[in-house]
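Before any comments, here is the structure.
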């Protein structure tokens, strides 16, 4: 992200991150999950087409339709055509390959090939695209003129609606069904909506960035537990193992740049635990590595 470092420094100077209550206060400074390496070239300065609303609606409906017992492929393909310009834009800006991977996943599902794995390739890939869009909007909130604040705030709120189900799932799977991340997200969005100054907007943006980061770190760890359970036992379950590796792998892409920027060996170790068929997964070790390199303590990430 071209402006991610400005967002971090601005919020750092304005206030301490306030992810309070049950989300706990991070013990290290929060930062963009997709912050560019110091020597990376500037990313193209291109806005998403027509606002985020069409993409959010399309991504949500694609995920919903893929869960149906009988999938209406004309409807799925029509919705992907709506989402496609956003996916292609993210690929250009961040050198990802979702414009190739997502259609391939859809084609595999249609052909009945590894349906559950490819369903996650599609839905988690769209989530990653959404995270990129949100982080770009958070950057714009800080760097653009105040006259654009209302528009950017509305877009941020709309984009978060696309990934709010992941916050709910982590409340169920990590916090035992006790509302934790979702209420924190709702508070941060209200804080953003009521922000009347640049410092207040920077504070709200940092709060949202921290919640975004924490939710996906917890998502990686939750799926890593599944990798360990279904892949690392004496009697592994190959089908469930493949699904968990896929979910953990795409979730890890979201936080990987922040880890790799600080610890290339730690990043390689996590990648190996997720993807290598011959590696013995160690969820607890993954948690230690993530806590060492992200703005959370091991206690924050223990469940």
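The numbers here are math on the coordinates, done by the rules we state, and not lab data. Not measured: the values here are computed from a predicted model. Here the Cβ positions follow ideal geometry from the backbone for every residue, glycine too, while neighbour counts run over all protein chains shown.
Each of residue 92 and residue 277 was given a label point 7 Å from its Cα along the Cα-to-Cβ line. The distance between the two points is 3.9 nm. Normalised by 2.2 N^0.38 Å, where N is the number of residues, the alpha-carbon radius of gyration of region 219-293 equals 1.01. Note on residue 71 and residue 233: the extension gain reaches 54.9 nm, defined as 0.36 nm multiplied by sequence separation minus the Cα-Cα distance. Shape analysis of region 86-195 places it in the oblate category; the axes a ≥ b ≥ c from the Cα gyration tensor give an a/c of at least 1.5, with a/b not above b/c. Sorted fewest first by neighbouring Cβ atoms within 10 angstrom, 166, 215 come out as 166, 215.
Taking the centroid of alpha carbons for each part, region 230-303 and region 70-121 are 24 Å apart. I need the calculated FRET efficiency for the pair residue 303 and residue 268, taking r as the beta carbon distance and R₀ as 25 Å, to the nearest 0.05. Taking R0 as 25 Å, the efficiency between residue 303 and residue 268 is 0.50.
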